[in-house]
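Worksheet for the structure shown next.
The values are calculated or read from the model by the stated rules, or taken from the named source; none is laboratory data. Computed from a prediction, not measured in an experiment: that's the story for all the values here. Cβ placement follows ideal geometry from the backbone for every residue including glycine, while neighbour counts extend to all protein chains displayed.
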Amino acid sequence: MVGTLAIIAAALFTGAAVYINVAEQPARLRLPEPAMLTQWKASYARAAVMQASLALAGGLLGLLESTASEDWLWALGAIVLLSAWPYTLLLIKPTNDKLNATQPDAATVETRRLVETWGRLHAGRSAIGAIATILYLLAVS
């Protein structure tokens, strides 16, 4: 049951990250800069909590399953999924901070470049989730 929950959490994390990259990000980039930034801020505030929680829960559940099953694939998947935290804090957070510090009415072409950069960096989170989910699925096969 723990492994199943780990897979679900990893797959939900991945699905949310991919949705952001393939649907939400392209749509927001079609907006004028002030609206684009307003949408990014609202979305980011909600998505950050959800994705951080899913990465943590899925990673911890994977570690528990690894201990119970003595299968290193669960541990590897957990480490990959938990790596979303340092990846976000070290690589994405500086861009987040700049975007959060900008008021929508002050958004410029540079703000757009930051949102575009953020999207490319966020694709790394999609990859992290996909790799972790695949490792978890390999562990049960």
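Within the group Ser43, Ser69, which residue is surrounded by 15 or more Cβ atoms within 10 Å (Cβ to Cβ) and over 14 Å from Gly129 (Cβ atoms)? Step by step, each of Ser43, Ser69 is checked, and only Ser69 is surrounded by 15 or more Cβ atoms within 10 Å (Cβ to Cβ) and over 14 Å from Gly129 (Cβ atoms).
From the list Trp85, Trp74, Trp118, the one residue that fits, being part of a helix (DSSP H, G or I), surrounded by fewer than 16 Cβ atoms within 10 Å (Cβ to Cβ) and modelled with pLDDT of 95 or more, is Trp85. Inclusion of Pro32 among residues that are at pLDDT 95 or above and over 22 Å from Leu121 (Cβ atoms) is warranted. Within region 88-115, take every residue that is outside any loop (DSSP other than H, G, I, E, B) and of a type in the set (Val, Ile, Thr) and give me the one that is farthest from Ala75 (Cα to Cα). The residue in question is Val109.
Against the test of being closer than 16 Å to Leu37 by Cα and either surrounded by 13 or more Cβ atoms within 10 Å (Cβ to Cβ) or in contact with an Asp or Glu (Cβ under 7 Å, 6 or more places away or on another chain) (or both), the options Ala132, Ala107, Ala123, Ala55 yield a single qualifying residue, Ala107. Being closer than 22 Å to Pro86 by Cα and without any contact (Cβ under 8 Å) to a residue 24 or more places away in the chain holds for only one residue in Arg46, Arg30, and it is Arg46.
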